[in-house]
Amino acid sequence: MELKHWKLSVDSDNLAWLYFDRADGTTNTFSSEALRELGQVCAHLTTMPPKGLAILSAKDNGFAAGADIDEFTRLKDAEEAWTFIKLGNEIFDQVAALPFPTVAMIHGFCMGGGLELSLACRYRVADDGAKTKLGLPEVMIGIVPGWGGAKRLPLLIGPAQALDLMLTGRAIDGKRAKKMGVVDVATPRRHFENAARMLLKAPPAVHRPKLMEAMTNWPGIRSVVASQAAKKVAERARRDHYPAPYAIIETWRDFGGDPRNVPRDHPASMVSLFHHPTARNLIRIFKLQDRMKALGKADAEPIRHLHVIGAGVMGGDIAAWAALRGITVTLQDLAPERIAPAIKRAAELYTKRLKLPHLVQAAMDRLIPDVAGHGVAKADIVLEAIVENAEVKRKLFAQIEPRMKEDAILASNTSSIPLQELTSVLKRPERLVGLHFFNPVAQMMLVEIVQGPQTAASVMLAGQAFAKQIDKLPLPCKSAPGFLVNRVLSPYLAEAMLMVDEGIPPETVDAAAKDFGMPMGPIELADMVGLDVGWAVGQELAKPDNPIPQKLKQLVEAKKFGKKTGEGFYKWVKGKPQKSSTGPGTLDLKALADRMVIPALNEAVACVREKIVADADLCDAGVIFGTGFAPHRGGPINTIHARGKSELLAIMGELKAKYGPRFTPDAGWEQI
């Protein structure tokens with residue numbers, strides 16, 4: 001039996017050891033070829049049964065990442081997709097039917113099809129280290145767990161826990177998996193072999209959920225659980241925007257969790273999901289995310305010491321995140337009391353993310369308050385995150401540049417100021433780069449890596465590598481006012497605020513944006529980011545003919561900056577905006593959304609024309625990961641293609657006639 005992707009051996013105890021080692025990749029993923037080979041192994045072992053079988057990965061980075069996404073996206077039609085789904089099910093059913101004990105030995109990532117293979121085994125052993133991640137993230141690319149996950153996981157741990165994992169797509173570590181019953185043993189990897197031998201030589205009873213958990217799988221109660229789950233999903237997403245979570249619930253409730261049982265014309269079927277634009281768009285975004293990660297794979301020395309100047313919300317949270325990711329960080333501000341809130345927020349972040357006291361303490365030890373600024377002379381990167389004022393930034397640069405190491409990088413977290421406006425005081429402007437993070441830092445994946453006219457190519461590559469080092473997505477941008485994200489976001493927010501000036505309730509404006517598919521309305525978003533920040537960016541990007549939102553101006557003058565001061569467009573109580581329940585009345589939410597969104601689309605077109613980013617794909621990715629632009633629509637440029645350029649230009653013509661030249665189409669529409 002010749003195998004390309006698997007290695008099989010049988011030891012003196014008649015235990016079989018099957019290593020998954022995808023031949024043409026650094027990561028284990030399931031191609032059709034790899035699946036068929038696994039079927040050959042099962043057939044062979046059925047004729048010559050060992051005492052037990054352990055399935056493990058020969059790759060250090062993880063067990064398996066799921067289906068080969070490249071093969072999946074190359075499938076020509078729903079028929080080919082269906083064939084791929086059937087193949088995975090049939091092979092994993094073969095694994096489940098093996099007439100001897102089987103154990104999956106899980107380290108690193110075990111996602112999607114990887115977890116589904118492990119669920120087809122009788123037992124599971126997981127590394128208890130922090131890098132172990134198990135999950136069924138298919139919902140995040142618009143499909144359902146298609147190779148047995150929706151069938152086997154509810155039977156293993158009960159529907160409530162299983163549906164939570166499938167509907168959120170979240171990953172859990174080995175210890176959490178053991179507590180939930182997903183794995184039977186959580187132990188350091190060095191003990192894997194002993195754990196596997198014990199399970200295979202003296203097989204214990206297989207795990208089953210407790211009675212109360214198992215009862216929710218019973219037919220009568222199953223409908224109630226499904227109804228409650230659907231109600232929670234409806235609070236977050238509409239079915240026409242995101243059909244996959246509804247399909248997961250219905251596949252479990254009505255078809256035993258097996259997609260092969262779902263009629264092809266049913267909205268929960270894999271064929272229906274494959275035809276839906278959301279799946280195509282989310283898979284495209286997934287691949288663009290991989291492309292952005294690759295932009296950080298430069299051959300650059302890792303950053304060991306970061307010095308951050310400015311311990312406000314952005315500077316303090318950037319410092320905290322870098323320290324969480326293993327970098328020594330010195331954090332500077334004018335006085336200890338200005339740094340203290342950042343340290344407090346960092347402690348809360350570390351406690352939530354790391355949990356174990358010794359890991360929390362180690363991260364806290366890496367985050368060092370530094371009022372005197374001694375870290376400037378030692379740091380590999382010195383990052384300023386002070387007030388959004390070019391003159392103030394230039395004064396700071398003039399003070400700190402002479403103290404920096406010869407090979408250190410000077411970075412700015414400016415959200416809108418072109419780097420060329422900051423370089424006049426620098427002796428070495430080639431080492432200045434923009435590293436623009438987004439708020440909240442711990443949640444937003446994007447970092448714009450901004451290249452000024454004099455920024456050295458090596459500095460850009462180092463900035464991109466630094467973003468990847470701290471698990472962010474680097475987006476190289478050309479230096480121009482607002483770069484990409486704020487330039488696209490600004491006209492959207494401005495138009496929303498002008499609508500409020502006209503008397504449209506903020507709640508209605510936000511409802512229109514959410515009806516379009518935005519995760520948060522523009523008024524709530526502006527309040528959350530800070531109206532003072534929005535005002536500063538708006539001033540930087542203001543065009544001469546565009547009106548200034550008067551309510552925004554009044555709130556900024558009154559120092560009502562939104563969430564951080566307790567009041568902005570909304571009053572904020574315990575971190576939540578207090579909204580009235582006023583409905584839209586006679587207002588057309590779709591028309592309101594068009595009026596807000598079209599200026600953003602127009603600006604995205606301009607950014608592509610001006611090559612602010614390399615191409616339209618990176619424009620879409622940057623706006624999605626930087627603003628949360630309705631992911632199911634695939635980004636602003638993709639939205640134009642899907643909706644139709646002629647329809648959008650016609651609407652722009654009507655808006656221009658009514659509201660003025662700010663709705664003039666950019667010249668780049670001709671090339672879209």
Has region 77-84 got at least one residue that is in contact with a strand residue (DSSP E or B) (Cβ under 9 Å, 6 or more places away or on another chain), in the same structural domain as residue 144 (by TED's automatic domain parsing) and at negative phi? yes
Residue by residue through region 418-435, note down the ones that are crowded, with 22+ Cβ neighbours inside 10 Å and out of contact with any Gly (no Cβ under 9 Å at 6 or more places or on another chain). 431
Evaluation of residue 225 against (1) in the same structural domain as residue 161 (by TED's automatic domain parsing); (2) modelled with pLDDT of 95 or more; (3) in contact with a helix residue (DSSP H, G or I) (Cβ under 6 Å, 6 or more places away or on another chain); (4) of a type outside the set (D, E, K, R) (one fails), failing number: (2)
Name the residues in region 386-425 that are under 18 Å from residue 538 (Cα atoms) and assigned to a loop (DSSP other than H, G, I, E, B), would you? 386, 387, 388, 389, 413, 414, 415, 416, 417, 418
Among 627, 586, the single one that is modelled with pLDDT under 95 and surrounded by 18 or more Cβ atoms within 10 Å (Cβ to Cβ) is 627
Can you name every one of the helices (runs of 4 or more DSSP H) wholly within region 600-672 that holds 1 or more residues which are among the acidic types (Asp, Glu) and either in the same structural domain as residue 447 (by TED's automatic domain parsing) or closer than 24 Å to residue 440 by Cβ (or both)? 616-627
Kindly check whether there is at least one residue in region 104-116 that is more than 16 Å from residue 146 (Cβ to Cβ), in contact with a Ser or Thr (Cβ under 7 Å, 6 or more places away or on another chain) and aliphatic (A, V, I, L, M). yes
Mind listing whichever residues of region 343-358 are within 24 Å of the chain's Cα centre (by Cα) and not hydroxyl-bearing (Ser, Thr, Tyr)? 345, 346, 347, 348, 349, 352, 353, 354, 355
Restricting attention to region 538-552, which residues are assigned to a helix (DSSP H, G or I) and modelled with pLDDT of 95 or more? 550, 551, 552
When region 598-646 is checked residue by residue, the ones that are among the β-branched types (Val, Ile, Thr), more than 21 Å from the chain's Cα centre (by Cα) and under 16 Å from residue 281 (Cβ atoms) are 640
Among the candidates 579, 574, single out the residue that is free of Cβ contacts under 8 Å to residues at least 12 places away in the same chain and within 29 Å of the chain's Cα centre (by Cα). 574
Would region 216-232 turn up any residue that is out of contact with any Pro (no Cβ under 7 Å at 6 or more places or on another chain), in a helix (DSSP H, G or I) and closer than 22 Å to residue 280 by Cβ? no
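Looking only at region 1-18, filter to residues that are within 41 Å of the chain's Cα centre (by Cα) and in a loop (DSSP other than H, G, I, E, B); which one of those is surrounded by the fewest Cβ atoms within 10 Å (Cβ to Cβ)?
2
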Identify, please: which residue in region 127-176 is of a type in the set (Val, Ile, Thr) and assigned to a helix (DSSP H, G or I) and is, among those, surrounded by the most Cβ atoms within 10 Å (Cβ to Cβ)? 141
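The values are calculated or read from the model by the stated rules, or taken from the named source; none is laboratory data. This one's a predicted model, so the numbers in the text were calculated from it and none came from an experiment. Cβ atoms come from the backbone with ideal geometry, glycine included; neighbour counts cover every protein chain shown.
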